[in-house]
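Please treat every number below as a calculation from the coordinates, not as lab data. Note that this is a predicted model, so its numbers are computed, not measured. We place every Cβ from the backbone using ideal geometry, glycine too, and count neighbours over all the protein chains shown.
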Amino acid sequence: MKWLVCFDISDNKKRNKVVEYLEEFGVRVQKSVFEIELNLNNLNKLKKRLNKTIEKYDSIRFYPVNANQIDKIIILGVKIAPFELSGIKFL
């Protein structure tokens, strides 16, 4: 499954660790946003690792990206689209 992962982590060391974990599965498309693809097993492993890393005031959000909706993505500016390039509208 494809996911959009966004995070807000104030501690540099912890944020760098989170980035390191997310880079194993996807591509950073903005400073605190990744596009990743995970099966259920890898999703659970990643969530466990992230939970051990972050503090109670940190936030990491996983938004599912429906494969049937990939062609509806609109990107303005820098054209990074690691999910699929075909069908994505670049404006």
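Quick look at the values:
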read-out	value
GluC sites (Glu not before Pro) within the stretch 10-49: DSSP coil, no more than 13 neighbouring Cβ in 10 Å	Glu24
Among the listed pairs Lys48/Lys72; Lys13/Lys48; Lys14/Lys72; Lys2/Lys56; Lys17/Lys45; Lys13/Lys56, those beyond 22 Å (Cα-Cα)	Lys48/Lys72; Lys14/Lys72; Lys2/Lys56
Restricting the stretch 3-71 to trypsin sites (Lys or Arg not before Pro) in coil, as DSSP defines it, with at most 13 other Cβ within 10 Å	Lys31, Lys56
